[in-house]
Structures are given as C-alpha cells and as structure tokens.
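Here is the structure we will look at.
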Amino acid sequence: MTAPPPIPPPELPVPVHRGWITASMILFWPLAIAAVLAANRAARAHGAGHVPTAHHEAYRARAHARLGVLLGGIAWTLLLVFYASIALVLVPTAPDILKQEGIDTVAAEPAPESYRTAAAPKREPIPVYPLELLTGDCFMAPDWETAWGDLDVIPCSRLHDAQVIAVTELGDGEYPGAQEISDRTWYDCAPRYEEFSGTRLGESSPVWTFEPDAEDWEYGLHDAVCFVEVDTPMRGELSDHPQLFETGATS
C-alpha cells in the first residue's frame, strides 16, 4: 500500500502590469526597458517555482513602468509648453518675416466693413447715414431737394463729387440748439477746408455740412460732418485737384 502523492500548493498569479509597461514604452522608453527586463525575470522565477522572487520582480517592473509614465508625462508637458511659447512669439512676427522674403500675406480683397476709403474698385458701396460719415469718406452728393437718406460710401478710386474733410464731435448732454451746433461745426470746418483745398474759405467755396437736429440728437447722433462737393466728379482724393476749388460748386 502506497501513500497518495502530495498535493501541490495552488499557484499564486504573478501580475504582469502590461498596461503600465506599454504606457511607459510610449512616454519614456528607457525605464520601459527596465520594466520589461524585470517582468522577464518575474516570469522565469515563476516558472522555476520561486513565487516570492517572481512577485518581487513583478512589482519592480510595475515601479519602473510607473516612474517612466510619470517622467515621460512631465517631459512631454514641458515640451508642449516650450513649443507653445515659441509659437506665441513667432506667430505675430511671421507676416513681417514673410514680407521680408517677398511673400505678401495681406488679403487681396478685405471685407467691406473693415475699410472705407481704400482704392478697391470691386468693393461694394457701404450705405451710411450722413451723420455717421467718417473723415476721408467719398460719395456722390445727395439730391438737396429731397429728405436725407443713406449715402453710398464708395472707394475714392471711383468717380465721386463729395468727400468728408472733418467730423466735429459735439459732446453729450442736452441738445445745444441749431445755432451753437452750426457755430461749432464751422469753427472746425473752415480751417480744415482751407488746408484741404489750398484756398481761402469764401461764400462760393464748395463746402457743406451735415448737422444733427433735435431728433438726431435724441437718437445719439452727436457728430457734425463737414464735406466738400465739386461740380465735376473725379477719381482719387479731391485735394489732388486744386482747380476744382477755384470757382466753387454750383450744385
């Protein structure tokens, strides 16, 4: 009669930590290699029946892999911050660098809302209420026998017979009255006309104003507009044609 064979103790699973090792291989491969070597030693020890050694090496593999993930994460974060800083410095200066190399980065046809008097023949007119005109705007003068309406501000490269030469800010508060508005507007308008036309202001000078009335003032329109209007529509800045101001407009 023989004794039954001894029952072997149950095997204890040895963790491999493949996820940590894979992540470490992506982020910081030197420590990932150390983790792989430790995992191989754990596998050999486990196969030889040295369970404590196998578990010890397995945990060493996990420690190497975790440290690799930590260091790799920090290194990649610092690298991204560095490149982001470089981008913030270089992006604003990129157009100047390209311009020095003869490469023009300016859009060929900017949006109409972004400019008013640029010489862009294909640009569409911009409807503007007379009291909201800006200095330099070019347009065809309105029919003075009808009520004011929106004016089509057009590029000065097109034919036009009127151009804004000054805008007077009249301030806030209550409506000061038509006479005070007129006096303040012409106080600004007269020297600007003489500077623009190269001639003295007289009764026949082709200079006019748009001035806010009480209703305009109530709607927040507190600027007056001074403009020149000539008999013959011209292209370009009207100040480039001094002959237009010698006799004055008759419209």
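What follows draws every value from the coordinates through simple rules; no lab data is involved. As the structure is a prediction and not an experimental result, all values here were calculated from the model. All Cβ positions, glycine included, derive from the backbone under ideal geometry; neighbour counts span all protein chains shown.
Among the trypsin sites (Lys or Arg not before Pro) in segment 180-237, those placed in a DSSP loop whose Cβ has at most 12 other Cβ atoms within 10 Å are ARG200.
Could you sort the peptides 173-182, 158-167 by per-residue average Cβ neighbour count (10 Å cutoff), highest mean leading?
Values: 173-182: 12.2, 158-167: 20.6.
With the highest mean Cβ count within 10 Å placed first, the list reads 158-167, 173-182.
Proximity of backbone amide H atoms, modeled 1.01 Å from N, is registered between ASP231 and THR250 at under 5 Å, excluding neighbours fewer than 5 places apart on the same chain. The calculated FRET efficiency for VAL81 paired with ILE26, based on their beta-carbon distance and R0 = 25 Å, is about 0.80.
Given 0.36 nm per residue, what is the gain on full extension from ASP213 to ARG235 after removing their alpha carbon distance, in nm?
On the way: separation 22, 0.36 × 22 = 7.92 nm, distance 3.21 nm.
That works out to 4.7 nm of additional length.
Normalising the average separation of contacting C-alpha pairs (under 8 angstrom, six or more residues apart) by the number of residues puts the relative contact order of segment 146-251 at 38 percent. Just so you know, the Cα atoms of segment 179-251 work out to an Rg and Dmax of 13.6, 40 Å.
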